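Step one of this worksheet: look at the structure below.
The values are calculated or read from the model by the stated rules, or taken from the named source; none is laboratory data. Since the structure is predicted, the reported quantities are computational estimates derived from the model, not experimental observations. Please note: Cβ atoms are built from the backbone with ideal geometry, for glycine as well, and neighbour counts cover all protein chains shown.
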Amino acid sequence: MRLIRGVVVVRLDNLVDRSGIDLLREAVRRHEGQARGYILDLRGNPGGLVLHMAEAAGVFMRGVPWRLVGRGLGALPLPTVPFLGPPETQKPLVVLIDRQTHSAAEGLAGALRGAQRAYLIGTRSAGNTEALTPYCFPDGGVALVANGVLAPLSGPTWEGRGVEPDQVEPDPQRQLEAALQHLLNPR
């Protein structure tokens, strides 16, 4: 986490362990009073747990932005965590994505954009939004089996298509500067 010209930049490397979610919440708690906005960097994020995706979204919004489309299950709505009450911040937000943004990280970016809560900059995400269920074996092994895909609450899934940024910026070196420009010099 860093502060650049009054903008808080938080990089989430994955949504597997809790440390990224804790860092995000701590950044908002520490800087909310003076922050001009936030940049959530999801570039290269391989995704992770749907719960952590829902918790990260819950920092910025509330509601039911996703559905899990599964074989034999139909579509199950997925809420943010927490579901009710005001989000931890309502300040402007830019999310950085690229072709290496996968799975739950795509769902996070897509939900924030779909709720008109974030502006996305970068390149189209991977389009790999399969929902995986872990099966644990007595010897400690784990098999991850795809049992559905993550999708926005309404509309087509991101599977095979990815999440489109609002502003395409293919140069990774220029993406952060584009995000700062968007937050500090709104049109």
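So which of Ala35, Ala54 is in contact (Cβ under 8 Å) with a residue 24 or more places away in the chain, in contact with a helix residue (DSSP H, G or I) (Cβ under 9 Å, 6 or more places away or on another chain), assigned to a helix (DSSP H, G or I) and of a type in the set (A, V, I, L, M)? So that I can check it myself, show each step before the final result.
Values: Ala35 fails: assigned to a helix (DSSP H, G or I).
Ala54 is the lone residue from the list that is in contact (Cβ under 8 Å) with a residue 24 or more places away in the chain, in contact with a helix residue (DSSP H, G or I) (Cβ under 9 Å, 6 or more places away or on another chain), assigned to a helix (DSSP H, G or I) and of a type in the set (A, V, I, L, M).
Filter segment 8-18 down to the residues that are surrounded by fewer than 18 Cβ atoms within 10 Å (Cβ to Cβ) and either of a type in the set (A, V, I, L, M, F, W, C) or at pLDDT 95 or above (or both), then identify the one that is farthest from the chain's Cα centre (by Cα).
Of the residues in segment 8-18, the ones surrounded by fewer than 18 Cβ atoms within 10 Å (Cβ to Cβ) are 11, 13, 16-18.
If we keep only those that are either of a type in the set (A, V, I, L, M, F, W, C) or at pLDDT 95 or above (or both) too, we end up with 11, 13, 16.
Details: Arg11: 11, Asp13: 11, Val16: 13 Å.
If we take residues in segment 8-18 being surrounded by fewer than 18 Cβ atoms within 10 Å (Cβ to Cβ) and either of a type in the set (A, V, I, L, M, F, W, C) or at pLDDT 95 or above (or both), then Val16 is farthest from the chain's Cα centre (by Cα).
How many residues are farther than 30 Å from Glu169 by Cβ, β-branched (Val, Ile, Thr) and assigned to a strand (DSSP E or B) when one looks only at segment 69-109?
Looking only at segment 69-109, we keep the residues that are farther than 30 Å from Glu169 by Cβ, and these are 69-77, 79, 81-86.
Of the ones still in play, those that are also β-branched (Val, Ile, Thr) are 69, 81.
From what is left, the residues that are assigned to a strand (DSSP E or B) are 69.
Counting residues in segment 69-109 that are farther than 30 Å from Glu169 by Cβ, β-branched (Val, Ile, Thr) and assigned to a strand (DSSP E or B) gives 1.
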Checklist entry - From the residues in segment 38-51 that are of a type outside the set (Ser, Thr, Tyr) and assigned to a strand (DSSP E or B), which one is farthest from Leu3 (Cα to Cα)? => result Gly48
Item to check | Pairs with Cβ under 6 Å, 6+ apart, first in segment 79-92 and in contact (Cβ under 8 Å) with a residue 24 or more places away in the chain and more than 22 Å from Gly33 (Cα to Cα), second surrounded by fewer than 17 Cβ atoms within 10 Å (Cβ to Cβ) and among the hydrophobic types (A, V, I, L, M, F, W, C) | outcome: Pro79/Val64
Checklist outcome for this item: Conditions (1) part of a loop (DSSP other than H, G, I, E, B); (2) modelled with pLDDT under 95; (3) surrounded by 16 or more Cβ atoms within 10 Å (Cβ to Cβ) -> Ser154 fails only (3)
Checklist entry - Does segment 26-48 contain any residue that is loosely packed, with under 14 Cβ neighbours inside 10 Å and at pLDDT below 95? => result no
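Among Leu3, Leu23, which is the only one that is more than 17 Å from Ala118 (Cα to Cα), over 16 Å from the mean Cα position of the chain (by Cα) and either in a strand (DSSP E or B) or in contact (Cβ under 8 Å) with a residue 12 or more places away in the chain (or both)?
Values: Leu23 fails: over 16 Å from the mean Cα position of the chain (by Cα).
Residue meeting the stated conditions: Leu3.
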Item to check | Residue that is nearest to the chain's Cα centre (by Cα) [pool: residues in segment 110-119 that are surrounded by fewer than 23 Cβ atoms within 10 Å (Cβ to Cβ) and in a helix (DSSP H, G or I)] | outcome: Arg113
Next on the checklist: Checking Arg67 against (1) in contact (Cβ under 8 Å) with a residue 40 or more places away in the chain; (2) more than 23 Å from Val149 (Cβ to Cβ); (3) crowded, with 16+ Cβ neighbours inside 10 Å, only one condition comes out false. Which one?
Outcome noted: (2)
